[in-house]
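See structure below.
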Amino acid sequence: MHTPPHPRSASRSFRAAFAVILGTNEIASAVAVYMHRAGWCTLLSHDPFPPVIRRRMSFHDALFGEKADVDGLPGACAQTTFEAANRLGGGDCVVVTRLGLLDLIPMSGIHVLVDARMHKREAVGDLRHLASLTVGLGPGFAVGKNCDVAIETHPSKSGTILYSGRTDSCDGKADILGGVGPQRFVYSERRGRWNTAVPIGVRVCKGFPAGCLDGVAVLAPLDGVVRGIVRDGTEVPAGLKLLEIDPRRHPSWTGIDERGRGIARATLNAIALEHARRTRAGARISVV
């Protein structure tokens with residue numbers, strides 16, 4: 001069920017099975033890993049909003065020339081469409097880029113477009129005309145309005161595939177980790193520049209100064225390990241997550257977590273099922 005309509009092979013270029021995922025966060029990265037392993041030539045297109053905090057669970061830091069791998073799969077940054085095409089043709093990595101859709105569309109028709117930006121409170125535009133198949137992850141999606149298929153990401157319904165209707169709106173409830181919900185996060189109280197020298201994976205105590213927002217210290221909300229933190233030097237808006245602490249005895253801050261795997265598997269299943277449906281109808285997931 002996970003085989004793409006045009007699986008990659010040594011004799012085919014990336015144009016045979018090209019997937020673009022919007023976002024470089026941990027959910028986008030989990031989907032990228034699963035799609036790459038299923039044979040898709042996969043590219044992540046960066047969106048600066050919201051800032052990525054779980055950077056060791058994502059390909060995000062490849063954008064800055066740093067090593068970034070997820071579950072053993074490396075990410076490689078491409079600055080131009082030519083470089084992106086070459087890296088995709090190699091088939092040995094997930095390509096990460098700041099290039100937007102207007103830059104990528106002339107490079108090749110997009111078979112599958114997955115919107116994994118996780119814009120929790122913003123209206124999501126209709127991207128269906130930009131790819132043969134569009135999949136929307138999380139709040140803001142309505143099947144037949146701005147996507148072809150949608151995937152729930154709410155903790156209580158994570159991984160549910162929708163072929164009609166709307167995804168649940170964001171209710172502000174965080175999933176529980178080590179018995180702790182939203183209390184493990186710190187949010188920006190104002191717009192400003194974020195500065196930190198604290199790496200992901202370090203253990204801190206409650207009240208530890210994890211960074212500064214426009215010179216004002218931001219303190220760890222509880223004891224635990226830094227699971228996520230916005231990259232040093234990032235300009236952030238008010239009300240966005242700056243820091244996440246994992247309070248568990250055996251914390252995790254790298255690779256794909258259970259939620260990411262569930263959403264990634266659901267995305268692959270949705271693509272396969274939609275391809276099967278179109279095949280029965282005499283169509284297929286093809287380049288537009």
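Scanning for something closer than 16 Å to residue 58 by Cβ, in contact (Cβ under 8 Å) with a residue 24 or more places away in the chain and either in contact with a strand residue (DSSP E or B) (Cβ under 8 Å, 6 or more places away or on another chain) or of a type outside the set (Phe, Trp, Tyr) (or both), does region 272-283 turn up at least one residue? Give the steps one after another, and end with the answer.
From region 272-283, those closer than 16 Å to residue 58 by Cβ are none; that's our starting set.
No, every residue in region 272-283 fails to be closer than 16 Å to residue 58 by Cβ, in contact (Cβ under 8 Å) with a residue 24 or more places away in the chain and either in contact with a strand residue (DSSP E or B) (Cβ under 8 Å, 6 or more places away or on another chain) or of a type outside the set (Phe, Trp, Tyr) (or both).
With the requirement that a residue be touching a Ser or Thr at 6+ places or on another chain (Cβ under 7 Å) and either assigned by TED's automatic domain parsing to the domain that holds residue 196 or at pLDDT below 95 (or both), what does region 32-41 give you?
Selection gives 38, 39.
Name the residue, out of 260, 255, that is out of contact with any His (no Cβ under 7 Å at 6 or more places or on another chain), crowded, with 20+ Cβ neighbours inside 10 Å and of a type outside the set (Lys, Arg).
It is 260.
If we only count strands (runs of 3 or more DSSP E) wholly inside region 150-244, which ones have 2 or more residues that are at pLDDT 95 or above and either of a type in the set (Phe, Trp, Tyr) or surrounded by fewer than 20 Cβ atoms within 10 Å (Cβ to Cβ) (or both)?
On the way: elements: 185-187, 192-195, 209-213, 216-219, 224-229.
Strands (runs of 3 or more DSSP E) meeting the threshold: 185-187, 192-195, 209-213, 216-219.
Yes or no, residue by residue, for (1) surrounded by fewer than 21 Cβ atoms within 10 Å (Cβ to Cβ); (2) closer than 25 Å to residue 272 by Cβ; (3) in the same structural domain as residue 139 (by TED's automatic domain parsing):
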{"position": "26", "(1), (2), (3)": "no, yes, yes"}
{"position": "43", "(1), (2), (3)": "no, yes, yes"}
{"position": "71", "(1), (2), (3)": "yes, yes, yes"}
{"position": "81", "(1), (2), (3)": "yes, no, yes"}
{"position": "84", "(1), (2), (3)": "no, no, yes"}
{"position": "99", "(1), (2), (3)": "yes, no, yes"}
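Give the residue, chosen from 92, 61, 47, that is among the acidic types (Asp, Glu) and either in a helix (DSSP H, G or I) or modelled with pLDDT of 95 or more (or both).
Numbers: 92 fails: either in a helix (DSSP H, G or I) or modelled with pLDDT of 95 or more (or both); 47 fails: either in a helix (DSSP H, G or I) or modelled with pLDDT of 95 or more (or both).
Step by step, each of 92, 61, 47 is checked, and only 61 is among the acidic types (Asp, Glu) and either in a helix (DSSP H, G or I) or modelled with pLDDT of 95 or more (or both).
Taking interchain pairs and intrachain pairs at least six residues apart, which have beta carbon atoms under 6 angstrom, with the first residue in region 39-61 and within 19 Å of residue 225 (Cβ to Cβ) and the second among the basic types (Lys, Arg)?
Final answer for the pair search is 53/241; 61/55.
Residues 127, 137, 162, 133: which one is in contact with a Ser or Thr (Cβ under 7 Å, 6 or more places away or on another chain), under 18 Å from residue 266 (Cβ atoms) and among the aliphatic types (A, V, I, L, M)?
The unique qualifying residue is 137.
I'm trying to understand the selection: among the residues of region 95-128, which are part of a loop (DSSP other than H, G, I, E, B), under 22 Å from residue 54 (Cβ atoms) and not aliphatic (A, V, I, L, M)?
98, 117, 119, 120, 121, 122
Which of (1) on the phi > 0 side of the Ramachandran plot; (2) in contact (Cβ under 8 Å) with a residue 60 or more places away in the chain is the odd one out, the single condition residue 70 does not satisfy?
(1)
For residue 278, state whether it is modelled with pLDDT under 95 and over 24 Å from the mean Cα position of the chain (by Cα).
For residue 278, the condition - modelled with pLDDT under 95 and over 24 Å from the mean Cα position of the chain (by Cα) - is met.
Out of all the residues in region 103-124, which are modelled with pLDDT of 90 or more and either surrounded by fewer than 20 Cβ atoms within 10 Å (Cβ to Cβ) or under 27 Å from residue 64 (Cα atoms) (or both)?
Listed by number, the residues that qualify are 103, 104, 110, 112, 113, 114, 115, 116, 117.
The values are calculated or read from the model by the stated rules, or taken from the named source; none is laboratory data. The model shown is predicted, which means the values in this text are computed figures rather than measured ones. So basically every Cβ, Gly included, is an ideal-geometry build from the backbone, and we count neighbours across all protein chains shown.
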